[in-house]
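Remarks on the structure that follows.
The values are calculated or read from the model by the stated rules, or taken from the named source; none is laboratory data. The model shown is predicted, which means the values in this text are computed figures rather than measured ones. In case anyone asks, the SASA skips ligands and DNA or RNA and just uses the protein heavy atoms, side chains included. Shrake-Rupley method; radii C 1.70, N 1.55, O 1.52, S 1.80 Å.
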Amino acid sequence: QVQLVESGGGLVQPGGSLRLSCATSRIIFSIYTMGWYRQAPGKERELVATITSADGTNYADSVKGRFTISRDNAKNTMYLQMNSLKPEDTAVYYCNAAKYSSNYWGQGTQVTVSS
């Protein structure tokens, strides 16, 4: 049973910062491409950022320059540092692990950007 355990969501004012974390098993973390997706109310789930096992990164245009995805191999944990948050970043953020036809999701963590 693959588990992706997310943490770090919450309520923040516009312009503020949050850091999300996603922990999983060593075998998953070492060979899967890890990523963050988000889903706002009434919208489809969308890609935020991904990071490969070789540290290759990819970002949605809407978060480039504001969000940074990273991984700590010693802790089997992926992070999403979110700076300069905007109200339109409000969504449930999901951790994802993907390789070939295998695709796993975390339970999601709510991020709300509001004054």
Ratio Rg/Rh [Cα only; Rh per Kirkwood] for the chain
0.95
Under the rule of at least 5 residues apart or a separate chain, name every residue whose amide H is placed under 5 Å from the amide H of F67.
N83
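Can you give me the % of accessible surface on the chain that is carbon or sulfur? Probe 1.4 Å, all protein chains present, nothing else counted. Please report the intermediate quantities before stating the final value.
Details: 2880 of 6180 Å².
That share works out to 47 percent.
Which whole-number value in Å² is the accessible area per residue of the chain, probe 1.4 Å? Mind dumping the intermediate values first?
Values: 6180 Å² over 115 residues.
Counting only protein heavy atoms, the per-residue value for the chain is 54 Å².
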Between the alpha carbon centres of the range 1-67 and the range 86-115 the gap in Å comes to 6
Can you list the lysines whose alpha carbon is less than 26 Å from that of K99, not counting same-chain residues fewer than 8 positions off?
K43, K64, K75
